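The values are calculated or read from the model by the stated rules, or taken from the named source; none is laboratory data. No experiment lies behind these values; they were computed from the predicted model shown. Reconstructed Cβ throughout: ideal geometry from the backbone, glycine too, with neighbour counts over all protein chains shown.
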Amino acid sequence: MGTVTLGVSIAVPEPYGSFLQEQRASFGDPHAHGIPTHITLLPPTEARTEDLPAVEEHLAEVAAGFGPFRLRLEGTDSFRPLSPVVFVKLAEGEAECTALQERVRAASGPCARELQFPYHPHVTVAHGISEEAMDRAFVALKDFEAAWTIGGFALYEQGADGVWRLEREYPFGAPASGVPRQADLSRPPTPTR
């Protein structure tokens, strides 16, 4: 019996995902290339390996009950001084992300857990770096905008090297059984700038 560290998130599609990841690296965030650009639904959570089938079944059931919705990112904000994070804000889709993460973390499910802070969907672009570098991130991305339709979410596992890797994707509306391990979860992004 072993344990794994899991996370559930909505991937930010290309070209936005790579752009924000490169920006995060340029601000000096050492974890930038080990964390795909995302909106968290379940933060890093330790699970027993024997519980993985139940986790996967639960996530498939959650995804089956949702339909595609629009996400729009716009501008920056920060959790400072409470937490050393600068992020890109959600301008559209916040209520849907909140409902989705509540179902993922359902008290009766295998992903049940308490959060350290109240849930606030966002895309981290700087974390735990110098105040000066976080200020740069805040200003550099203040005019950033992106919009797309989300078609599902994904399960990630953190490796011993600290890198997060895609384990399985969960398309919305698919039957809970027989979900393919890989799927296209987003329509082509709609450029806004």
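Residues in the range 138-166 that are of a type in the set (D, E, K, R) and in contact (Cβ under 8 Å) with a residue 60 or more places away in the chain: Lys142, Asp143, Glu145, Glu157, Asp161. Just one of (1) without any contact (Cβ under 8 Å) to a residue 40 or more places away in the chain; (2) hydrophobic (A, V, I, L, M, F, W, C); (3) under 18 Å from Leu155 (Cβ atoms) fails for Ala60. It is (1). Within the range 41-58, being surrounded by 20 or more Cβ atoms within 10 Å (Cβ to Cβ) and under 14 Å from the mean Cα position of the chain (by Cα) holds for Leu41, Leu42. Has the range 177-187 got any residue that is surrounded by fewer than 20 Cβ atoms within 10 Å (Cβ to Cβ), modelled with pLDDT of 95 or more and either in contact with a His (Cβ under 9 Å, 6 or more places away or on another chain) or not in a strand (DSSP E or B) (or both)? There is no residue in the range 177-187 that is surrounded by fewer than 20 Cβ atoms within 10 Å (Cβ to Cβ), modelled with pLDDT of 95 or more and either in contact with a His (Cβ under 9 Å, 6 or more places away or on another chain) or not in a strand (DSSP E or B) (or both). Looking at this structure, is Phe27 buried (at least 18 other Cβ atoms within 10 Å of the Cβ) and closer than 17 Å to Glu169 by Cβ? In short, no. Scanning the range 20-41 for residues that are of a type outside the set (A, V, I, L, M), over 19 Å from Arg136 (Cα atoms) and part of a loop (DSSP other than H, G, I, E, B) yields a single hit, Pro36. The selection criterion, being within 27 Å of Ala160 (Cα to Cα), in contact with a Cys (Cβ under 8 Å, 6 or more places away or on another chain), aliphatic (A, V, I, L, M) and buried (at least 20 other Cβ atoms within 10 Å of the Cβ), does not hold for Leu90. For the range 60-79, state whether one or more residues are surrounded by 19 or more Cβ atoms within 10 Å (Cβ to Cβ), closer than 30 Å to Met134 by Cβ, modelled with pLDDT of 95 or more and of a type in the set (Asp, Glu). No, that holds for no residue.
Inclusion of Leu52 among residues that are over 20 Å from Leu71 (Cα atoms) and not in a strand (DSSP E or B) is warranted. A single member of Gly7, Gly17 is over 15 Å from Val88 (Cβ atoms), among the small types (Gly, Ala, Ser) and either part of a loop (DSSP other than H, G, I, E, B) or under 14 Å from the mean Cα position of the chain (by Cα) (or both), and it is Gly7.
Among the residues making up the range 5-33, those that are over 23 Å from Gly75 (Cβ atoms) and modelled with pLDDT of 95 or more are Thr5, Leu6, Gly7, Val8.
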